[in-house]
1. Can you spot a residue in the range 303-312 that is at pLDDT 95 or above, basic (Lys, Arg) and in a helix (DSSP H, G or I)?
2. The conditions are (1) surrounded by 15 or more Cβ atoms within 10 Å (Cβ to Cβ); (2) out of contact with any His (no Cβ under 9 Å at 6 or more places or on another chain); (3) at pLDDT 95 or above; (4) assigned to a loop (DSSP other than H, G, I, E, B), and Ile48 fails exactly one of them. Which is it?
3. Please work out which one of (1) buried (at least 20 other Cβ atoms within 10 Å of the Cβ); (2) in contact with a strand residue (DSSP E or B) (Cβ under 6 Å, 6 or more places away or on another chain) is the condition Ser69 fails and give its number.
4. For the range 228-267, which residues satisfy the criterion of being surrounded by fewer than 20 Cβ atoms within 10 Å (Cβ to Cβ), under 14 Å from Phe146 (Cβ atoms) and not charged (D, E, K, R)?
5. Would you please name the residue that is nearest to the chain's Cα centre (by Cα), looking only at residues in the range 268-295 that are among the polar types (S, T, N, Q) and surrounded by fewer than 22 Cβ atoms within 10 Å (Cβ to Cβ)?
6. When you go through (1) within 13 Å of the chain's Cα centre (by Cα); (2) over 21 Å from Lys303 (Cβ atoms); (3) in contact (Cβ under 8 Å) with a residue 60 or more places away in the chain one by one for Val151, which number turns out not to apply?
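The values are calculated or read from the model by the stated rules, or taken from the named source; none is laboratory data. Quick caveat: nothing in here was measured; it's all calculated off a predicted structure. Cβ placement follows ideal geometry from the backbone for every residue including glycine, while neighbour counts extend to all protein chains displayed.
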Amino acid sequence: MIRNITKLALIFISLIFSDSSLANDSGDILREKNCFGDTYEEAMHSRINKKEFLDLQANFICKVIVYQSGQYPVGGILLTPKTEGDQKVPAVIFNRGGNGHFGALNYSNIFLHLKPIAEMGVAVLATQYRGGMELTDGPDESVDEFGGSDVKDVTNIVRLASQLPYIDEHQIHMVGFSRGAMSAFISLKKLNNIKSLTVLGAPSNLFKTIEERPEMEKVFDYRVPNFTSNKESELRKRSVVYWLDELPDELPTLILHGAKDKRVSVEQAKILADKLSDINHPHKLVIYDDYHGLQFSQGLMFKEIKAWITGEPKAE
């Protein structure tokens with residue numbers, strides 16, 4: 001779902017702001033800039049076609065933002081339908097996959113993954129996580145703890161969303177892909193204002209992830225502080241199957257997964273669904289004949305997400 005970072009993405013995430021009008025509170029926007037500029041000529045470097053640009057310009061507001069999260073300025077994307085007067089729209093918090101710069105959101109992701117959600121009539125706010133977007137006043141990408149203190153970047157962008165005047169603070173939803181699903185689960189230990197949750201390619205048990213992909217242990221060792229000496233406890237902290245009872249009661253949870261997923265096995269989705277059933281937690285599991293990014297099931301996937309977000313979701 002999220003492409004490997006490219007030179008184009010590096011141009012995007014290394015956006016430099018000269019405005020240093022800083023705020024102090026976590027969740028405050030420090031600065032912002034249009035994603036693509038005001039004219040197509042300015043946007044041509046992003047390799048989008050003119051029709052896409054004009055549609056985005058006519059119907060949406062797209063901004064690269066920097067917001068405060070604890071001690072760090074953190075990058076993100078804000079994509080919202082244009083509204084009239086005092087109209088308020090629901091919001092979706094989108095948690096990307098990857099870690100550090102890998103998987104960072106770029107121009108293509110806006111059109112492939114964020115815009116289809118915004119077209120549902122909702123504002124989309126996506127965090128790059130601390131260090132995921134190169135900033136002159138920001139931290140190095142090594143501060144990403146893969147489900148540690150970086151989870152604050154999720155809770156703080158939720159706080160940001162609830163403060164925006166055009167967002168209905170009672171209709172904030174969350175979508176998490178891969179690592180972003182893990183971050184979503186952990187953040188929900190502290191959040192009680194999320195209306196629904198959708199997870200795609202979600203690792204629900206990191207012990208099983210290491211069994212399936214032994215090379216991931218190197219990622220955990222690099223990202224997770226004191227991983228070697230606290231391996232079991234740190235993996236458990238990041239594995240939702242061990243603490244499902246800490247999620248908000250009655251939070252509708254949609255689980256989307258590919259049967260051919262080689263990064264996170266579909267067994268993790270099935271086990272998660274079974275354990276949610278054991279505690280009578282409302283959920284729905286949808287398995288596609290597809291891979292980790294569900295790249296061949298995008299239409300069906302977004303249709304399912306729209307029904308979950310805009311309808312009255314009921315578990316099957």
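1. Yes, the range 303-312 contains a residue that is at pLDDT 95 or above, basic (Lys, Arg) and in a helix (DSSP H, G or I).
2. Ile48 satisfies every listed condition except (3).
3. (2)
4. Scanning the range 228-267 gives a single hit, Asn230.
5. Going residue by residue through the range 268-295, those that are among the polar types (S, T, N, Q) are 268, 277, 280, 295.
Now drop any that are not surrounded by fewer than 22 Cβ atoms within 10 Å (Cβ to Cβ), which leaves 277, 280, 295.
On the way: Ser277: 25, Asn280: 26, Gln295: 17 Å.
Taking the candidates together, the pick is Gln295.
6. Status for Val151: all satisfied but (3).
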